[in-house]
1. Tally the residues that are surrounded by fewer than 18 Cβ atoms within 10 Å (Cβ to Cβ) and either modelled with pLDDT of 90 or more or in the same structural domain as residue 87 (by TED's automatic domain parsing) (or both), restricting the search to the stretch 203-225.
2. Taking the stretch 66-91, which residues are over 19 Å from residue 42 (Cβ atoms) and touching a helix residue (DSSP H, G or I) at 6+ places or on another chain (Cβ under 8 Å)?
3. So, in the stretch 138-148, how many residues would count as being out of contact with any helix residue (DSSP H, G or I) (no Cβ under 9 Å at 6 or more places or on another chain) and within 10 Å of residue 195 (Cα to Cα)?
4. Kindly indicate which of 135, 128 is in contact (Cβ under 8 Å) with a residue 60 or more places away in the chain, farther than 30 Å from residue 273 by Cβ and part of a loop (DSSP other than H, G, I, E, B).
5. Looking at the stretch 139-159, which of the residues that are crowded, with 23+ Cβ neighbours inside 10 Å and touching a residue at least 60 places away in the same chain (Cβ under 8 Å) is farthest from residue 312 (Cα to Cα)?
6. For the stretch 126-155, enumerate the residues that are closer than 30 Å to residue 39 by Cβ and at pLDDT 95 or above.
7. If you scan the stretch 226-240, which residues turn out to be surrounded by fewer than 16 Cβ atoms within 10 Å (Cβ to Cβ) and either farther than 16 Å from residue 132 by Cα or assigned by TED's automatic domain parsing to the domain that holds residue 281 (or both)?
8. Would you say residue 234 is farther than 19 Å from residue 290 by Cα and either part of a helix (DSSP H, G or I) or within 21 Å of the chain's Cα centre (by Cα) (or both)?
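The values are calculated or read from the model by the stated rules, or taken from the named source; none is laboratory data. What you are looking at is a predicted structure, and each value in this text was computed from that prediction instead of being measured. As a convention, Cβ positions derive from the backbone with ideal geometry for all residues, glycine included, and neighbour counts pool all protein chains shown.
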């Protein structure tokens with residue numbers, strides 16, 4: 001997954017604290033269900049954002065259509081910096097996955113403001129599953145193409161794409177069961193209604209520790225501190241595999257450049273705090289900061305990267 005190589009050092013954090021935004025509340029829209037990494041990141045950000053901007057921050061979950069509803073809501077909002085979106089890879093992947101044209105253009109209608117962290121996802125199976133290793137799962141998907149089921153939080157989400165990439169790289173097929181959010185996807189995996197799922201570590205850690213789910217592999221390039229005995233997918237035999245999901249803040253197009261720069265500086269200032277770094281550790285995500293300029297430059301590349309991945313996955 002593309003990443004900006006540098007998070008630029010900004011010297012405006014003190015000024016950002018000193019200025020007020022306006023008295024009008026800022027709506028922070030989350031295109032994912034409560035309890036997800038996106039949701040928890042938004043709720044963490046609300047207090048320090050309110051302190052720095054001098055205005056109330058209201059977190060709102062707008063879930064559905066794999067994140068399209070939340071993005072569309074923000075794309076149509078007034079371009080005054082008072083409606084922001086916390087989103088991840090669906091902001092780009094839905095362009096290539098939606099069966100109908102999107103009501104917005106992810107490049108022309110959206111302004112990238114700041115990236116804050118990057119999250120790997122964990123491959124999970126029920127504890128009663130016959131799969132004890134990733135190799136077991138791959139062998140069964142190969143033996144029964146299109147029959148092994150997996151759950152995701154919706155089409156175009158990281159759990160969906162993590163399996164698509166895995167199928168592409170192992171020449172296997174699995175049947176996608178999309179849910180309206182992570183919680184029901186995890187619930188049906190625990191009960192055995194579906195064979196497996198990829199989910200964020202924070203969404204499933206307690207269930208793994210309680211023995212209700214078994215973790216087979218991690219999608220990133222490094223093992224998670226919270227699950228040190230769980231190998232990466234690459235370590236488990238799929239060389240070169242890596243899928244992670246950024247957590248970034250966006251706004252509608254047309255926001256005045258000075259407002260975008262201010263929001264970007266404030267968000268990165270929060271990202272550099274010890275409290276946010278501790279939050280990332282607790283959530284098993286990686287601190288990964290980037291400003292509006294680098295994100296805007298990378299957005300077309302990110303869109304093209306996911307087009308290639310999705311087109312390749314359709315051939316499996």
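1. The number of residues fulfilling the criteria is 7.
2. Within the stretch 66-91, 80 is the sole residue that qualifies.
3. 0
4. None of the others qualify; the one that does is 128.
5. Filtering first and then ranking leaves 153.
6. 126, 127, 128, 129, 131, 134, 137, 148, 149, 150, 151
7. Listed by number, the residues that qualify are 228, 239, 240.
8. Spelling it out, residue 234 is indeed farther than 19 Å from residue 290 by Cα and either part of a helix (DSSP H, G or I) or within 21 Å of the chain's Cα centre (by Cα) (or both).
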